[in-house]
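The values are calculated or read from the model by the stated rules, or taken from the named source; none is laboratory data. If you're wondering where the values come from, they're calculated on a predicted model, not measured in any experiment. When we count neighbours, we look across all protein chains shown, and the Cβ atoms used for this are built from the backbone with ideal geometry, even at glycine. Note: areas computed on protein heavy atoms with side chains; ligands, DNA, RNA excluded. Shrake-Rupley method; radii C 1.70, N 1.55, O 1.52, S 1.80 Å.
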Amino acid sequence: MAKQELTCDDILKELRAKQYRPVYYLMGEESYYIDLIADYITDNVLSETEKEFNLTVVYGADVDVATIINAAKRYPMMSEHQVVVVKEAQAVRNMEELSYYLQKPLLSTILVICHKHGTLDRRKKLAAEVEKTGVLFESKKIKDAQLPGFIASYMKRKGVDMEPKATSMLADFVGSDLSRLTGELEKLIITLPAGQKRVTPEQIEKNIGISKDYNNFELRSALVEKDILKANKIIKYFEENPKTNPIQMTLSLLFSFYSNLMLTYYAPDKSEQGIANMLGLRTPWQARDYMVAMRKYSGVKTMQIVGEIRYADAKSKGVQNSSMTDGDILRELVFKILH
């Protein structure tokens with residue numbers, strides 16, 4: 001396996017086996033995995049007494065490359081390793097100069113560079129030097145379609161099961177900010193009644209503040225089933241509770257669903273598993289809504305719906321719209337989807 005292909009799980013597996021590299025360059029748009037790896041190294045490589053002399057944490061805005069190299073060149077005191085963590089490393093100027101240190105790094109130092117909201121140019125010398133001696137890891141944003149799979153596997157590791165509807169409600173409500181999402185999952189675990197190991201939609205409603213009957217997941221189901229009454233009841237609830245149901249989130253989720261539905265018409269294998277594979281869904285049950293929707297909507301109608309959602313999005317931002325409220329825009333969109 002090429003070094004740049006190491007996943008977060010691969011890196012954590014190595015670390016748990018106490019296989020350490022001289023440098024970990026952690027970069028990318030998704031902060032969650034960068035923090036997960038950096039925190040594991042900070043918490044587990046050194047004992048509490050070793051940390052006193054051998055753990056250095058600096059912030060990119062406060063240091064230059066020379067300071068980082070000097071810290072990395074120090075020998076550990078009464079310990080096998082020393083750990084140097086550079087947080088917010090995207091603020092360090094001339095980071096390229098670190099490549100000189102990496103040509104002959106100190107093997108007793110574990111240097112952890114946390115470069116968030118961007119990536120290193122892989123064509124430059126520094127990327128090549130990192131890959132030669134350590135780990136160059138890119139933490140990518142996960143797609144909305146992968147969120148239910150992420151939630152299910154996160155909870156499984158904690159020994160908790162989660163009902164599919166509860167999973168979809170949470171994924172739709174929180175979106176792909178993994179740090180916030182894992183925070184909400186931890187809150188759910190803590191609030192589970194004693195002896196209970198299954199999260200239900202009722203618990204989501206009670207602890208996260210999403211209505212189990214009136215949410216984007218239920219709106220999507222109503223549209224899939226062409227249930228006009230249910231869809232309009234949900235829109236009315238959204239209108240009365242705009243803070244918990246912002247129109248942009250609803251439009252974004254509908255756009256994602258109907259865009260994916262367009263793709264399913266081209267799936268060579270139209271079984272549950274085939275559609276799940278085509279859309280990159282981790283679990284086949286997520287494909288069921290698409291299979292039902294394919295029977296209710298033609299490809300041409302689906303294409304029109306995608307256009308109508310774009311138009312509604314523009315209206316919600318004030319384009320060609322002087323007087324319509326968010327509720328009016330959604331009501332009109334739902335009418336056009338269902339008729």
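Here TYR101 passes the criteria (1) under 29 Å from the mean Cα position of the chain (by Cα); (2) of a type outside the set (Asp, Glu); (3) within 18 Å of LEU136 (Cα to Cα) except the one numbered (1). Within segment 252-273, being of a type in the set (Gly, Ala, Ser), surrounded by 16 or more Cβ atoms within 10 Å (Cβ to Cβ) and either on the phi > 0 side of the Ramachandran plot or assigned to a helix (DSSP H, G or I) (or both) holds for SER252, SER256.
Here PHE238 does not fit the description of being over 20 Å from SER316 (Cα atoms), part of a helix (DSSP H, G or I) and open to solvent by less than 60 Å² (accessible area, probe 1.4 Å). The set of residues in segment 11-38 that are out of contact with any His (no Cβ under 7 Å at 6 or more places or on another chain), under 24 Å from SER99 (Cβ atoms) and surrounded by fewer than 17 Cβ atoms within 10 Å (Cβ to Cβ) comprises GLU14, GLN19.
If the condition is being part of a helix (DSSP H, G or I) and either of a type outside the set (A, V, I, L, M, F, W, C) or modelled with pLDDT under 90 (or both), then segment 172-189 contributes ASP172, PHE173, VAL174, SER179, ARG180, THR182, GLY183, GLU184, GLU186, LYS187. For segment 77-86, the criterion of being among the hydroxyl-bearing types (Ser, Thr, Tyr), in the same structural domain as ARG123 (by the TED database), within 20 Å of LEU120 (Cβ to Cβ) and not in a strand (DSSP E or B) is satisfied by no residue at all. Consider segment 315-339 and keep the residues that are in a loop (DSSP other than H, G, I, E, B) and either in contact with a strand residue (DSSP E or B) (Cβ under 6 Å, 6 or more places away or on another chain) or among the polar types (S, T, N, Q) (or both). The one that is surrounded by the most Cβ atoms within 10 Å (Cβ to Cβ) is ASN321. Go through the residues of segment 134-149 one by one and say whether even a single one is touching a Gly at 6+ places or on another chain (Cβ under 6 Å), among the acidic types (Asp, Glu) and surrounded by 15 or more Cβ atoms within 10 Å (Cβ to Cβ). Scanning segment 134-149, I find at least one residue that is touching a Gly at 6+ places or on another chain (Cβ under 6 Å), among the acidic types (Asp, Glu) and surrounded by 15 or more Cβ atoms within 10 Å (Cβ to Cβ), so the answer is yes. With respect to (1) within 18 Å of GLY134 (Cα to Cα); (2) surrounded by fewer than 18 Cβ atoms within 10 Å (Cβ to Cβ), the lone exception for ILE41 is condition (2). Scanning segment 292-314 for residues that are among the aliphatic types (A, V, I, L, M) and closer than 14 Å to LYS226 by Cα, we see that the one that is surrounded by the most Cβ atoms within 10 Å (Cβ to Cβ) is ILE305.
Every condition in (1) open to solvent by less than 20 Å² (accessible area, probe 1.4 Å); (2) without any contact (Cβ under 8 Å) to a residue 40 or more places away in the chain; (3) not in a helix (DSSP H, G or I) holds for VAL112 except the one numbered (2). Has segment 62-83 got any residue that is within 26 Å of the chain's Cα centre (by Cα) and open to solvent by less than 40 Å² (accessible area, probe 1.4 Å)? The answer is no, given that none of the residues of segment 62-83 is within 26 Å of the chain's Cα centre (by Cα) and open to solvent by less than 40 Å² (accessible area, probe 1.4 Å).
Matching residues to (1) over 29 Å from the mean Cα position of the chain (by Cα); (2) under 22 Å from ALA222 (Cα atoms); (3) not assigned by the TED database to the domain that holds LEU251:
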{"position": "LEU279", "(1), (2), (3)": "no, yes, no"}
{"position": "ARG282", "(1), (2), (3)": "no, no, no"}
{"position": "GLN304", "(1), (2), (3)": "yes, yes, no"}
{"position": "GLY307", "(1), (2), (3)": "no, yes, no"}
{"position": "ARG310", "(1), (2), (3)": "no, yes, no"}
{"position": "ALA314", "(1), (2), (3)": "no, no, no"}
{"position": "VAL319", "(1), (2), (3)": "yes, no, no"}
{"position": "SER322", "(1), (2), (3)": "yes, no, no"}
{"position": "ASP326", "(1), (2), (3)": "no, yes, no"}
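So is ARG220 open to solvent by 10 Å² or more (accessible area, probe 1.4 Å), under 30 Å from GLY28 (Cα atoms) and either in the same structural domain as SER31 (by the TED database) or within 22 Å of the chain's Cα centre (by Cα) (or both) or not? It is false that ARG220 is open to solvent by 10 Å² or more (accessible area, probe 1.4 Å), under 30 Å from GLY28 (Cα atoms) and either in the same structural domain as SER31 (by the TED database) or within 22 Å of the chain's Cα centre (by Cα) (or both).
This table checks each residue for (1) farther than 17 Å from LYS165 by Cα; (2) touching a Lys or Arg at 6+ places or on another chain (Cβ under 9 Å); (3) at pLDDT 95 or above.
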{"residue": "LYS270", "(1), (2), (3)": "yes, no, no"}
{"residue": "GLN273", "(1), (2), (3)": "yes, no, no"}
{"residue": "GLY280", "(1), (2), (3)": "yes, yes, no"}
{"residue": "PRO284", "(1), (2), (3)": "no, no, no"}
{"residue": "TYR290", "(1), (2), (3)": "no, no, no"}
{"residue": "SER298", "(1), (2), (3)": "yes, no, no"}
{"residue": "ALA314", "(1), (2), (3)": "yes, no, no"}
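Does segment 18-38 include one or more residues that are part of a helix (DSSP H, G or I) and free of Cβ contacts under 8 Å to residues at least 12 places away in the same chain? No.
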